[in-house]
Amino acid sequence: MSDIDEAVNRFLGWRLPETFNPDGGISFVRNPAYPMPTGTNLLDCNQARAMLEYVLAIGQGSAVIEEIAAERRRQVEEEGWSESHDDLHNDGELAAAAGCYALHASGRDDSILRFDEDGTSRRVPRGWRWHWKWWKPKDRRRDLIRAAALIVAEIERLDRTEG
């Protein structure tokens, strides 16, 4: 369903206020036996505002969805992982990274020790395809938010390439 279809459905589903006051010579008599009529634009200013607030609530997800979107923006704006950068990772790397963060959040330890040229090392998930310095787990919840944002990045990449 498109956003427009959803807006139309929300508009038509908005229940008229008790103070509904049609103008232009239209008369309206309430009949308790039938549901309230819906979907009119014959409202006063406050009623119209309330109706628009209701209609424009489309796409307002939960706070978690907003956090995932914010994390995705952070990945782009602070880390520099732009669309063109993501498009270079066409072998499932973004999905694998998401899986690593999700698996880590589950408490399951599948990590291995990785060494750098200078001898420094760090434990990273087996499926981690990048340098270990990019593995930045936080806490279970935060890791799940990161995993979800990486899934979004992979889906967006697929949409661009398979468009």
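Rule-based calculations on the coordinates, nothing more; no lab input. A quick note: this is a predicted structure, and the numbers were derived from the prediction, not measured. Cβ coordinates were reconstructed from backbone atoms using ideal geometry, including for glycine residues, and neighbour counts include every protein chain displayed.
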- Query: Taking square-rooted eigenvalues a ≥ b ≥ c of the alpha carbon gyration tensor, is the range 65-163 rounded, prolate or oblate, where a/c under 1.5 means rounded and, failing that, a/b exceeding b/c means prolate?
  - Reply: prolate
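Rank these for me by crowding, 104, 131, going from fewest to most other beta carbons within 10 Å. Walk me through the numbers before you get to the answer.
Working: 104 23, 131 11.
Ordered from fewest to most neighbouring Cβ atoms within 10 Å, 104, 131 come out as 131, 104.
Quote the charge dipole size of the range 49-163 about the Cα centre in Debye, to the nearest 20; the model charges only the Cβ of Lys and Arg (+1) and of Asp and Glu (-1). Intermediate values should be presented prior to the final figure.
Details: 19 positive and 23 negative charges, 112 e Å.
So the magnitude is around 540 debye.
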